[in-house]
Amino acid sequence: MKQLMVFIRKEFHHILRDPRSLLVLLGMPIVQLLIFGFAITNETRNTNIAVLDNAKDQSTQNIITRIESSRYFDIDRTLNTNGQIEHAFKTGKIKVAVIFQPDFQNELAHANKAQIQIITDATDPNQATTLANYISAIVMDYQSEQNQQNNLPYTINTEMRMLYNPELKGAYSSVPGVMGMILLLISAMMTSISIVKEKELGTMEILLVSPMKPALVIVSKVIPYFVVSLINVVTILLLSVFVLGMPIQGNIILLITVTILYIICALSLGLLISTITNSQQAAMLVSLLGLMLPVVMLSGYAFPIANMPIVLQVLSNIVPAKWYIIMVKSVMIKGLGFAGVWKEALIIIAMTVFFIFVSIKKFKIRLS
Amino acid sequence: MNKNEIVIKTDKLTKKFGDFVAANEITFEVYKGEIFGFLGANGAGKTTAMKMLIGISKPSFGKANIAGFDIYKETEKIKKSIGYMSQKFSLYEDLTIRENIQFFGGVYGLNDNEIVSAGNKLIDKLGLHDEADKLVGSLPLGWKQKLSFSIAILHNPKIVFLDEPTGGVDPITRRQFWDMIYEAADNGITVFVTTHYMDEAEYCHRVSIMVDGVIKALDSPEQLKKHYNAESMDEVFLMLARSAKRGE
Amino acid sequence: MRTLFFLLRKEFLQIFRDKLILRVIFVMPIIQLIVLPNAANFEMKNISLSVVDRDHSEYSRKLINKFTSSGYFRLTDVSSTYEKALESIEKDKADLIIEIPQGFERDLIRENQSKMMISANAINGQTSGLAVSYSNAIIKDFNNDIRVEWIQQPRLNPFPVIEITSSNWFNPKMNYKYFIVPGVLALLVTLVGFLLTSLNIVKEKEMGTIEQLNVSPIKKYQFILGKLIPFWILGLVVLTIGSMVSLIFYGIFPSGSFFLIYLFAAIYLIALLGFGLLTSTFAETQQQAMFISYFFMMTFILLGGLFAPIENMPDWARYLTYINPVSYFIDVMRMIILKGSGMADLLKHFGIISLFAVVFNVTAILHYKKTI
């Protein structure tokens with residue numbers, strides 16, 4: 001036990017001696033969470049659009065004023081011809097163009113029909129749909145006001161309830177996602193690199209011939225990073241409660257417990273990476289290049305798993321972050337107890353056991 | 001050795017790191033073809049002084065002239081006329097012997113024919129035919145060191161600087177290593193070497209002993225022993241180094 | 001020139017010697033490019049629906065039918081009470097509950113209006129917003145059907161109607177993959193190029209070989225070029241393979257010119273690699289270099305507009321994207337590939353990225369010292 005402490009202290013010295021790395025390890029989650037909490041959002045605002053008003057009458061003016069006064073759009077007044085609009089799309093200056101037919105008001109009054117054309121930059125189809133919907137809604141709004149026709153017969157009134165997140169805050173999905181991503185990346189990367197470094201510098205042999213059991217050598221290398229990860233968890237939770245305004249509904253001890261299980265899982269994944277790589281460079285490439293995008297895209301955080309093709313839905317099951325994110329949402333947002341998360345917890349434990357088992361096998365092969 | 005031709009000349013060369021004077025007004029001369037031993041305890045300032053001479057550390061003040069070039073203004077010219085073998089093994093371990101030879105030969109401006117012939121000669125001399133296309137990382141330490149030295153003089157420099165070249169090497173290899181140093185000196189290459197082994201100091205034409213950043217003694221091993229009335233260089237060194245105030 | 005040739009040969013030998021790294025930088029990005037964009041899909045097709053029908057009338061059944069046959073919803077749970085339906089949301093068995101109260105049909109016919117409830121799991125505000133708007137559209141449609149059933153519609157529309165037509169340029173089929181593939185490709189090229197360069201010089205520092213180079217007559221610019229060119233070529237190779245993958249697997253062929261993509265990528269890579277080298281000259285150990293590059297890569301990528309539009313960001317974040325080389329690359333890739341933007345449209349992007357290239361590399365050369 002005393003030997004173990006000596007080793008652990010050595011690892012802490014390594015980390016503390018290098019303030020730059022420590023700053024990154026502890027500061028990264030803060031930066032990332034703030035970016036996700038505030039900057040990355042699909043809420044439309046301040047989008048530049050062009051309006052081509054071929055009528056210039058009272059009605060079109062009214063509609064344009066309404067579009068402009070919504071917080072979604074900024075109208076670029078310098079664009080007045082078809083040619084300019086096409087160029088503006090190609091340079092990325094505008095995302096939408098709204099075109100009114102000539103003689104708009106007259107047509108509307110006498111033929112009971114007038115046309116508005118919406119052109120969207122569908123490079124991002126998701127954004128394009130949203131923007132077109134917003135503009136349609138504004139126009140419809142204007143129209144129904146004009147018609148004074150609000151009380152139609154046989155009306156079904158729908159009452160909406162947005163469960164768990166009535167204000168539709170982005171943080172509710174980004175906090176669990178960021179936790180799942182950061183804890184996995186940092187833990188896996190740090191462990192794999194620090195073990196491979198000893199291999200590369202030849203100091204691993206020195207540790208292995210010491211009277212400590214190899215398993216304890218590894219444990220001692222991993223513990224400091226475990227501590228760093230725990231500090232990160234605390235920072236993330238504090239930030240999400242006090243800065244992003246997302247309270248913890250469930251039991252905080254349960255939340256911490258499942259998080260610890262997840263960190264251990266991530267650390268053992270790092271261990272596995274360290275057994276298949278021989279240089280720090282390779283370890284980093286595998287853990288960053290290999291984990292980052294799959295975790296972001298397959299964990300159900302950036303894109304809903306239910307929308308994916310079946311093959312990818314199946315594949316998403318081997319991403320530990322998927323299960324962890326489900327648990328965080330259950331405990332933190334839905335306020336569920338142990339009964340609500342035990343299955344996911346079991347899967348995480350099984351993954352951990354698998355990673356450690358494979359690492360030991362690989363390790364033994366190399367020694368013999 | 002040719003006492004008429006001076007290849008290294010320093011005048012009050014000094015390096016300060018803040019208040020700490022690592023090398024204090026070092027003044028000496030080294031002759032062409034000489035094997036010059038540069039001794040001192042750990043932390044005495046040897047490596048600092050050497051780094052100034054090879055142009056990777058700027059002196060705080062003082063003058064020096066290496067192979068006829070000024071240490072401040074002509075570092076790039078100096079670099080072409082010297083070879084260097086560092087304390088830390090610094091060939092590319094993930095390249096083969098031949099690839100290392102090609103690389104360093106090319107960097108020092110040898111043409112293709114010269115690289116091939118010098119490379120073959122080197123491999124012949126070290127008897128590394130079977131290993132020539134193996135990774136350097138897989139060689140035993142002694143071979144690595146001999147290879148490092150051979151590559152450091154591949155471009156036939158005027159001076160070669162060796163920083164503790166024989167650390168961790170077995171006695172037989174050390175002997176062979178020194179044979180190579182003598183051969184280089186006979187070919188007119190000046191050898192500037194730091195070492196901790198006092199038996200190696202006896203092999204040098206002249207040695208200087210640095211204590212606390214200052215050169216305390218400089219002469220041939222025989223003269224030094226006579227002057228300090230000592231049996232061996234070991235005794236001379238201990239006598240001088242004991243006065244050191246700087247620890248390790 | 002000759003010295004540079006030897007430096008380059010050395011770098012390439014080292015890169016190709018490590019088979020694992022080679023696999024990681026070529027095979028991994030390709031597989032990810034083939035697999036991952038398929039996951040990116042905002043089109044909701046399988047929203048799990050829980051139904052609480054307490055009316056059991058013809059209309060309530062028709063309405064539920066309308067939901068399940070819409071293609072957006074999949075009935076996964078039928079509960080007798082709201083509380084039970086809520087449980088299926090807790091267990092993630094359902095995303096949305098529709099609750100039809102007793103008397104729904106009767107009220108609608110007799111009182112001219114009736115009520116129903118929709119509850120959505122709103123943890124992800126974006127997807128729940130979509131789910132709710134789909135259900136609103138379905139209910140509105142159903143509502144119209146009923147009106148048609150009960151009211152004799154006049155033949156001519158008595159009210160003036162504004163007709164809204166919309167056309168979607170550059171991606172008329174609204175294929176989300178066209179959007180995500182160029183972005184992911186840009187990202188992979190960036191990661192490969194940056195991670196390799198940022199570690200490279202530090203590795204020589206850590207191994208001690210840099211000292212041997214520092215005492216040699218290699219010039220600073222030769223050294224930096226010797227480090228830049230190999231990874232520059234690798235980056236362009238990854239881009240080429242990636243473009244082929246996009247063509248073969250996604251049928252994406254640039255509507256703009258290939259030449260322009262390469263021209264921009266070439267300048268972009270110089271800028272990016274310069275930044276990588278700068279990181280490398282600042283760090284003392286590989287570990288440190290890795291953490292620093294991890295930090296910058298993550299921040300660059302998150303603010304690069306890969307997943308969420310930059311226009312939606314608050315001002316401070318938008319200003320940050322102006323100094324983010326990655327966002328320019330992602331943007332240009334999409335503009336050339338999807339919009340067919342030409343040189344005249346991209347002058348601003350080219351100008352800024354060239355400026356980055358100059359600034360980063362000059363700083364890297366100045367900061368790399370051969371002396372201590």
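A short reminder: the numbers here are calculations on the coordinates, not readings from a lab. Please read these numbers as outputs of a predicted model, since none were measured by experiment. Neighbour counts are summed over all protein chains in view; Cβ atoms, including those assigned to glycine, are modelled from backbone coordinates with ideal geometry.
For this structure, a couple of remarks:
- Other protein chain C-beta atoms within 10 Å of residue C-beta, averaged over C:341-350: 3.
- If R0 equals 45 Å, the separation of the Cβ atoms of residue C:65 and residue C:233 corresponds to a calculated FRET efficiency of about 0.15.
- In terms of overall dimensions, the C-alpha atoms belonging to chain A reach 96, 47, 39 Å along their principal axes, ordered largest to smallest.
- Two-site label geometry, residue C:18 and residue A:241: point separation in nm, points 7 Å out along Cα→Cβ: 4.3
- Our helix-only sum for the protein assembly as shown, with -39,500 (n - 2.57) per DSSP H run of n ≥ 4 divided by its residues, gives a mean residue ellipticity at 222 nm of -18500 deg cm²/dmol.
- In this simple spin-label approximation, residue A:86 and residue C:163 carry label points 7 Å from Cα along the Cα→Cβ vector, and these lie 2.4 nm apart.
- Qualifying chymotrypsin sites (Phe, Trp or Tyr not before Pro) for the range A:116-199 [loop in DSSP, other Cβ within 10 Å: at most 14]: none
- FRET efficiency estimate (nearest 0.05) - Cβ-Cβ, residue B:239 to residue C:322, R0 51 angstrom: 0.15
- Kirkwood's formula applied to the C-alpha pairs of chain B gives a hydrodynamic radius of 18.7 angstrom.
- Placing +1 on the Cβ of every Lys and Arg and -1 on the Cβ of every Asp and Glu, with nothing else charged, gives chain A a dipole about its Cα centre of roughly 2040 debye.
- Whole-percent pair-distance distribution, where bins are 10 Å wide, for the alpha carbons of the range C:253-354: 14, 41, 33, 11, 1
- Hypothetical label at residue A:338: residues of the range A:249-277 whose amide nitrogen lies under 15 Å (7 Å Cα-Cβ projection): A:251-259, A:261
- Residue order, fewest to most surrounding Cβ atoms within 10 angstrom, among A:363, C:223, A:242: A:242, A:363, C:223
- Computed from the C-beta positions of residue A:314 and residue A:276 and an R0 of 22 Å, the FRET efficiency is 0.40 to the nearest 0.05.
- Pair-distance distribution of the protein assembly as shown: all C-alpha pairs, bin width 10 Å, starting at 0; shares per bin in whole percent are 2, 10, 16, 18, 17, 13, 9, 6, 4, 3, 1, 0, 0.
- For trypsin sites (Lys or Arg not before Pro), the sites in the range A:1-45 that DSSP calls loop and that have at most 11 other Cβ atoms within 10 Å are A:17.
- Residue order, fewest to most beta carbons within 10 Å, for A:178, A:353: A:353, A:178
- Projecting the Cα atoms of A:232, A:279, C:123 onto the charge dipole of the protein assembly as shown (Cβ charges, centred on the Cα centre) puts A:279 farthest toward the positive pole.
- The region of chain C that goes longest without hitting one of the GluC sites (Glu not before Pro) in a DSSP loop, each with at most 15 other Cβ atoms within 10 Å, is C:112-283.
- For the range A:288-318 versus the range C:278-332, the gap between their alpha-carbon centres in whole angstrom: 23
- Among C:150, A:323, B:143, a tally of other beta-carbon atoms within 10 Å of each Cβ gives an order, fewest to most, of C:150, B:143, A:323.
- With a 10 Å cut-off around each Cβ of C:131-144, the average count of Cβ atoms from other chains is 2.
- Separation between Cα centres of the range C:27-100 and the range C:253-271, rounded to whole Å: 43
- Computed over neighbours whose Cβ is under 14 Å from that of residue C:179, the net charge equals +1, Lys and Arg +1, Asp and Glu -1.
- Positive-end residue of C:217, C:94, C:269, charge dipole of chain C with Cβ unit charges: C:217
- The Stokes-Einstein estimate for the range C:47-150, based on a Kirkwood radius over Cα pairs and taken at 10 °C with 1.306 mPa s viscosity, is a diffusion coefficient of 114 µm²/s.
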